[in-house]
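The values are calculated or read from the model by the stated rules, or taken from the named source; none is laboratory data. Since the structure is predicted, the reported quantities are computational estimates derived from the model, not experimental observations. As a convention, Cβ positions derive from the backbone with ideal geometry for all residues, glycine included, and neighbour counts pool all protein chains shown.
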Amino acid sequence: MPVKQSTGTQLEELSARIVAIERRLSSRGTNGSERHGAEKFNSYCSQPEVAEMKFGPEVSDQRARLIRVMSKKWLNGTVLHYFFFDGGLMGTTGAEKDVVRRAFDMWKDLGIGLEFKEVGSRNDSEIRIGFLRGDGAWSYLGRDVLNQGKNERTMNFGWDLTSHPGEIDTALHEIGHTLGFPHEHQNPFAGIVWDEEAVYAALAAAPNFWDRDTTFRNILRKIAPDTIEGSEWDPDSIMHYPFGAGLIQAPEQYRNGLRPEDGLSGKDIEQAKHFYPTREEVYPELKPFQAALLTLGPGEQINFAVNPESTRRYRFQTFGDTDTVMVLFEERDGEFRYVKGDDDSGTDRNASFRVRLREGVRYVLRIRLYWNFSSGDTAVMMW
Ligand SMILES: [Zn+2]
């Protein structure tokens, strides 16, 4: 699992946010757009800081690279439940919620294997969406949302999403983070040469009022090359900010500004389908005491149907030298809900858990391989 933040870091993050909110609310820049209104100003998305995964010296660079690429992504087939804060400071009008709902539908309509479902209770949700004005637009990255408390937001929209038809792109962008996609302008292969002081100065002003650290973290810092799959820079990505003139020195054609195309780019769609391909509907069945071989490449996933013939506790375990994430889902009211999971990435042990299964209930076991570091067979078994 991603490394949790220490309480100290969370408090620092929180107090920095409160200060920033107060500054934004006392200015006129409390509404704006991340990707629109570039002529005047841009309000940018500021992602919350989460500690990087650290590995021991026994974990090779290549192994660490694959773990970092995969660790924020969801297991394909996961149903992600989203909840809107209602009323109070966090709440909003129905029209704004509709913009977010449409953005979820647009990602889903690409034909990806994830499902999105709105729920009325925060306890049933993985994604909790607030509309706290002045707090900017942001989302945690992929599975990091699971590390947030049930009363916490995992995504926020700090300005009115109905103020401009193009605000659907802000919703698409934040959902992109929730699906595990980082900022494209921080792609180390982008080759952007910044006028760094101009960037710091632009972001320190309205409507963002970012301190230097926030600007560095969200714009100037290159994402470590080993967390990016593929290398091609996509300036039209929904995960790319627009930039005004004078911030980019090179490539030369962006000196007068860079404005991504509206909507999801071809590469956004390709990446989404790569990590979350359409699901096959019939899974092979995993039966007690019968090992099933895992012939997976890095990043690939296999799904098994589990139909227990008696109600009792079972153990699930992978075998062989692998890094895997293994999660069991139970069918409830026609959809699969998380029951139990384990992630052995970056460790010597194997993914394993015990869980009580009920006869007559249908389960699905999903296994995503990060890394297979021997040529020997790997397998999964339940007993
Ligand atoms: Zn963002």
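Values as computed for the structure displayed
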| quantity | calculated |
| --- | --- |
| Residues satisfying the stated conditions in the range 226-258, i.e. more than 16 Å from the ligand (Cβ to nearest atom) and under 29 Å from H164 (Cα atoms) | W233, G244, A245, G246, L247, I248, Q253, Y254, R255, N256, G257 |
| Top-ranked residue of the range 210-219 - restricted to ones that are of a type outside the set (V, I, T) and under 21 Å from S237 (Cα atoms), ranked as nearest to the ligand (Cβ to nearest atom) | N218 |
| Failed item in (1) modelled with pLDDT under 90; (2) within 15 Å of the ligand (Cβ to nearest atom), with P207 passing the rest | (2) |
| Long-range neighbours under 8 Å by Cβ, at least six apart or interchain, first residue under 19 Å from T214 (Cα atoms) within the range 128-139, second within 16 Å of the ligand (Cβ to nearest atom) and among the β-branched types (V, I, T) | A137/T170; S139/V145; S139/T154; S139/I175; S139/T178 |
| Among (1) over 28 Å from I112 (Cα atoms); (2) charged (D, E, K, R); (3) part of a loop (DSSP other than H, G, I, E, B) - the single one R315 does not satisfy | (3) |
| Matching residues in the range 168-186 - criterion: being near the ligand (Cβ under 10 Å from one of its atoms), part of a loop (DSSP other than H, G, I, E, B) and at pLDDT 95 or above | none |
| Selected residue [within 24 Å of L220 (Cα to Cα), part of a helix (DSSP H, G or I) and either among the hydroxyl-bearing types (S, T, Y) or modelled with pLDDT of 90 or more (or both)] from S33, S15, S43 | S15 |
| When residues of the range 122-159 are limited to those that are more than 16 Å from the ligand (Cβ to nearest atom) and either among the hydrophobic types (A, V, I, L, M, F, W, C) or within 17 Å of F181 (Cβ to Cβ) (or both), the one surrounded by the fewest Cβ atoms within 10 Å (Cβ to Cβ) | L146 |
| Filtered residues of the range 97-150 (kept if part of a loop (DSSP other than H, G, I, E, B) and touching a Cys at 6+ places or on another chain (Cβ under 8 Å)) | G136 |
| All positions within the range 187-204 that are within 16 Å of the ligand (Cβ to nearest atom) and out of contact with any helix residue (DSSP H, G or I) (no Cβ under 7 Å at 6 or more places or on another chain) | N187, A190 |
| Selection status of A272, assigned to a strand (DSSP E or B) and aliphatic (A, V, I, L, M) | no |
| Filter result (out of contact with any strand residue (DSSP E or B) (no Cβ under 8 Å at 6 or more places or on another chain), at pLDDT 90 or above and surrounded by 15 or more Cβ atoms within 10 Å (Cβ to Cβ)) within the range 187-204 | E196, A198, V199, Y200, A202, L203 |
